[in-house]
């Protein structure tokens with residue numbers, strides 16, 4: 001698991017249009033400290049993480065990149081199920097899995113591509129779908 005704190009601090013600050021000084025003042029630390037956090041030369045004290053997250057209006061998980069890591073793990077697990085089902089010829093099960101996955105992660109391009117491939121290769125029409133469900 002790779003923590004993305006350094007990258008996320010920079011990205012959040014830039015996205016919000018804030019300065020290192022603004023965060024430093026909010027936390028009562030020096031601007032040099034914030035600069036070191038963003039460059040990866042040091043890290044904020046763990047007690048500061050909730051305050052930093054609140055400053056940027058994100059969760060601590062988002063700040064650390066845990067949410068994205070969790071989402072990637074869930075995505076990988078679903079795709080493994082799809083590939084296993086594929087080997088068993090369970091195309092309609094895969095279509096349902098991928099549709100459910102897209103409801104949870106609507107911008108997941110891998111799900112979209114897999115679903116498009118399933119629909120194209122199966123040439124699913126309404127009548128075929130009804131017969132199989």
Among the listed residues 75, 67, which satisfies the condition of being within 20 Å of residue 4 (Cβ to Cβ), at pLDDT below 90 and surrounded by 13 or more Cβ atoms within 10 Å (Cβ to Cβ)?
-> 67
Test residue 34 against the stated conditions and say whether it is touching a helix residue (DSSP H, G or I) at 6+ places or on another chain (Cβ under 9 Å) and touching a residue at least 40 places away in the same chain (Cβ under 8 Å).
-> no
Conditions (1) closer than 30 Å to residue 12 by Cβ; (2) not assigned by TED's automatic domain parsing to the domain that holds residue 12 -> residue 95 fails only (1)
Residue 43 versus (1) in a helix (DSSP H, G or I); (2) modelled with pLDDT of 90 or more; (3) in contact with a helix residue (DSSP H, G or I) (Cβ under 8 Å, 6 or more places away or on another chain): which is the lone unmet condition?
-> (1)
Report, by residue number, each residue of region 101-118 that is surrounded by 12 or more Cβ atoms within 10 Å (Cβ to Cβ) and within 17 Å of residue 74 (Cα to Cα).
-> 101, 102, 104, 105, 108, 110, 111, 112, 114, 115
Residue 62 fails exactly one of the following numbered conditions: (1) surrounded by fewer than 17 Cβ atoms within 10 Å (Cβ to Cβ); (2) within 30 Å of residue 20 (Cβ to Cβ); (3) free of Cβ contacts under 8 Å to residues at least 24 places away in the same chain. What is the number of that condition?
-> (3)
Can you name the residue in region 2-33 that is on the phi < 0 side of the Ramachandran plot and outside any helix (DSSP H, G or I) and is also modelled with the lowest pLDDT among such residues?
-> 2
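The values are calculated or read from the model by the stated rules, or taken from the named source; none is laboratory data. Remember, it's a predicted structure, so these values are computed and weren't measured experimentally. Note that we place each Cβ from the backbone using ideal geometry, even for glycine, and neighbour counts take in every protein chain shown.
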